[in-house]
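The values are calculated or read from the model by the stated rules, or taken from the named source; none is laboratory data. The structure displayed is predicted, hence computed values, not measured ones. Glycine gets a Cβ as well: all are built from the backbone with ideal geometry, and neighbour counts include every protein chain shown. Just the protein is used for accessible areas: all its heavy atoms, side chains included, with ligands, DNA and RNA removed. Shrake-Rupley method; radii C 1.70, N 1.55, O 1.52, S 1.80 Å.
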Amino acid sequence: MAVATRLTWMQEKKLQNYFGEKQFSLLYKASVHGFSTNSLLQICSRQGPTLTVIYSKDRIVAAYMHKNYGEGNYLITVFVFQETTTTECKVGPFKLLMSFDEDPGGNLEVSMHLKEKTMYFSVNAKKKLGLLQNYISFQDCEVFRCEDLLDERRMNGITVLKESLLCAIRSYIPYGGLVHKIRILLLGPVGAGKSSFFNSVRSIFRGHVTNQALVGSNPTGTSEKYRTYFIKDGKDNNTLPFILCDSMGLSEKEGLDMDDIHCILEGHFPDRYQFNSLKLRPKGIGNHTGCPLLKDRIHCVAFVFNANSVGELSHEMVEKIKKIQRELIKSDVVHVVLLTHVDTLDLITKGDLIDIYKCVPVKLKLEAVHRKLGFALSDIFVVSNYTSEWELEPVIDVLILSALKEMLWAADDFLENLPLEKTGRCV
């Protein structure tokens with residue numbers, strides 16, 4: 001049976017960040033393996049750096065050891081974590097077993113007695129740690145192996161996964177060969193990260209950070225034209241099997257209206273079409289073919305939201321997004337959600353991007369989007385765009401490529417569900 005830690009996700013995350021993006025693997029739990037020094041040392045010896053955590057009623061005390069349990073003299077850093085404060089005290093050097101002795105003379109700054117379930121502190125240690133008494137009674141003790149979240153083994157795995165995703169996307173062929181390239185429309189509020197997502201995708205396939213699409217903080221957005229971006233693969237200079245379509249940002253009163261969106265979905269707007277903010281577009285303007293083909297249509301829509309502000313969308317914006325959703329459902333166009341800026345959520349670090357969907361702040365954001373906007377949880381993907389980085393990061397690349405692959409698979413669903421009469425030229 002798997003042994004679980006008493007740490008909550010939030011407590012573990014704070015400890016991980018405090019020690020510099022560490023991953024904790026539970027080795028020993030006193031309530032399971034016994035309140036015995038011999039048991040602790042037998043299980044935890046030669047495990048590399050470890051973190052020993054004891055649980056009292058109102059605080060957590062952690063002792064970080066920088067090298068293996070074993071013989072020799074040790075310097076140990078002791079931390080006391082309370083709700084809003086963290087204090088620390090370096091103790092030692094001393095023989096490891098001394099820290100588990102009865103220490104009748106009170107010679108140690110810190111000593112832990114498993115059988116008594118008590119941790120003792122010298123006057124000096126008590127003062128440094130901000131404690132009111134020289135001992136703490138505890139209910140349980142756990143020992144964790146500490147490893148870097150982004151160690152060489154994990155980074156090698158991430159690199160392999162990235163190459164697998166790149167291969168899958170490069171070799172992708174749209175369902176039934178009905179079109180040569182999938183058109184993905186990016187929709188979202190101003191500043192959500194639509195243009196940055198395109199730039200990020202392009203950067204990955206070019207092999208270096210690029211910024212073809214303009215990105216800025218203009219409150220009216222930087223995309224005043226409808227743009228269709230083909231992306232060339234830096235590996236062979238061939239265009240990839242998808243087109244990312246960018247447009248004006250959504251807003252309560254200005255920006256795209258339902259007529260614009262309908263025309264985009266049906267394939268009536270050419271690349272660089274200039275949106276008319278006065279909405280005086282004569283009938284037929286923008287219909288560049290008169291009868292768009294299936295290849296001109298949008299095959300998948302990705303709503304793009306900033307993870308930090310998606311919960312603050314106005315009632316008017318929510319209603320507009322739901323109205324667009326109804327139009328998409330009416331047109332049988334599949335749609336997904338991209339949550340950007342996930343790396344800037346509270347407590348989230350680059351190391352968390354490896355398994356981002358297990359992080360509590362991200363889970364809460366996904367559930368909030370599901371409740372507020374009605375998107376299925378399985379259709380919401382999180383990404384971290386390249387905004388200020390100079391070099392590509394494999395962890396970021398994997399998130400972006402995973403979302404892109406899911407959008408291509410969703411577009412296949414759209415093509416597969418098309419009535420036979422809609423798979424050819426309009427009549």
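Summary table
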read-out: Qualifying residue in segment 214-227 (condition: open to solvent by less than 40 Å² (accessible area, probe 1.4 Å), at pLDDT 85 or above and not aromatic (Phe, Trp, Tyr)); value: no
read-out: Residue 324 at pLDDT 90 or above, among the hydrophobic types (A, V, I, L, M, F, W, C) and assigned to a loop (DSSP other than H, G, I, E, B); value: no
read-out: Selection status of residue 332, within 20 Å of the chain's Cα centre (by Cα), open to solvent by 10 Å² or more (accessible area, probe 1.4 Å) and in contact (Cβ under 8 Å) with a residue 12 or more places away in the chain; value: no
read-out: Any chance residue 235 is of a type in the set (D, E, K, R), modelled with pLDDT under 85 and over 26 Å from residue 415 (Cα atoms); value: no
read-out: Segment 360-372, residues that are under 13 Å from residue 382 (Cα atoms) and in contact with a strand residue (DSSP E or B) (Cβ under 9 Å, 6 or more places away or on another chain); value: 362, 365, 366, 369
read-out: Lone qualifier among 384, 388 - being touching a helix residue (DSSP H, G or I) at 6+ places or on another chain (Cβ under 8 Å), hydroxyl-bearing (Ser, Thr, Tyr) and in a loop (DSSP other than H, G, I, E, B); value: 384
read-out: Qualifying residue in segment 410-420 (condition: in contact with a His (Cβ under 6 Å, 6 or more places away or on another chain) and in a helix (DSSP H, G or I)); value: yes
read-out: Subset of segment 366-391 [open to solvent by 40 Å² or more (accessible area, probe 1.4 Å), touching a residue at least 40 places away in the same chain (Cβ under 8 Å) and closer than 29 Å to residue 210 by Cα]; value: 379, 387, 389, 390, 391
read-out: Test: residue in segment 324-335 that is among the basic types (Lys, Arg), over 17 Å from residue 193 (Cβ atoms) and in contact with a Leu (Cβ under 8 Å, 6 or more places away or on another chain); value: no
read-out: Residues satisfying the stated conditions in segment 163-207, i.e. over 21 Å from the mean Cα position of the chain (by Cα), open to solvent by 40 Å² or more (accessible area, probe 1.4 Å), under 26 Å from residue 352 (Cα atoms) and in contact (Cβ under 8 Å) with a residue 12 or more places away in the chain; value: 206, 207
read-out: Check on residue 73, modelled with pLDDT under 85, buried (at least 16 other Cβ atoms within 10 Å of the Cβ), out of contact with any Asp or Glu (no Cβ under 7 Å at 6 or more places or on another chain) and over 15 Å from residue 117 (Cα atoms); value: no
read-out: Filtered residue count, segment 122-180, keeping only those that are assigned to a loop (DSSP other than H, G, I, E, B) and over 29 Å from residue 300 (Cβ atoms); value: 11
read-out: Residue match in segment 305-318 (condition: at pLDDT 90 or above, under 13 Å from the mean Cα position of the chain (by Cα), of a type in the set (Val, Ile, Thr) and open to solvent by less than 20 Å² (accessible area, probe 1.4 Å)); value: no
read-out: Subset of segment 233-254 (residues that are in a strand (DSSP E or B), open to solvent by 10 Å² or more (accessible area, probe 1.4 Å) and either of a type in the set (Phe, Trp, Tyr) or out of contact with any Pro (no Cβ under 8 Å at 6 or more places or on another chain) (or both)); value: 239
read-out: Single residue of segment 346-365 satisfying the filter (of a type in the set (Lys, Arg) and surrounded by 13 or more Cβ atoms within 10 Å (Cβ to Cβ)) that is nearest to residue 150 (Cα to Cα); value: 350
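A quick yes/no check of all residues on (1) under 23 Å from residue 12 (Cα atoms); (2) free of Cβ contacts under 8 Å to residues at least 60 places away in the same chain; (3) open to solvent by 60 Å² or more (accessible area, probe 1.4 Å); (4) not polar (S, T, N, Q):
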{"site": "121", "(1), (2), (3), (4)": "no, yes, no, yes"}
{"site": "133", "(1), (2), (3), (4)": "no, yes, yes, no"}
{"site": "137", "(1), (2), (3), (4)": "yes, no, yes, no"}
{"site": "154", "(1), (2), (3), (4)": "yes, no, no, yes"}
{"site": "161", "(1), (2), (3), (4)": "no, no, yes, yes"}
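Conditions tested, residue by residue: (1) under 17 Å from residue 349 (Cα atoms); (2) at pLDDT 95 or above; (3) aliphatic (A, V, I, L, M); (4) touching a Cys at 6+ places or on another chain (Cβ under 6 Å).
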site	(1), (2), (3), (4)
372	no, no, no, no
378	no, no, no, no
384	yes, no, no, no
388	yes, no, no, no
392	yes, no, yes, no
395	yes, no, yes, no
400	yes, yes, yes, no
405	no, yes, no, no
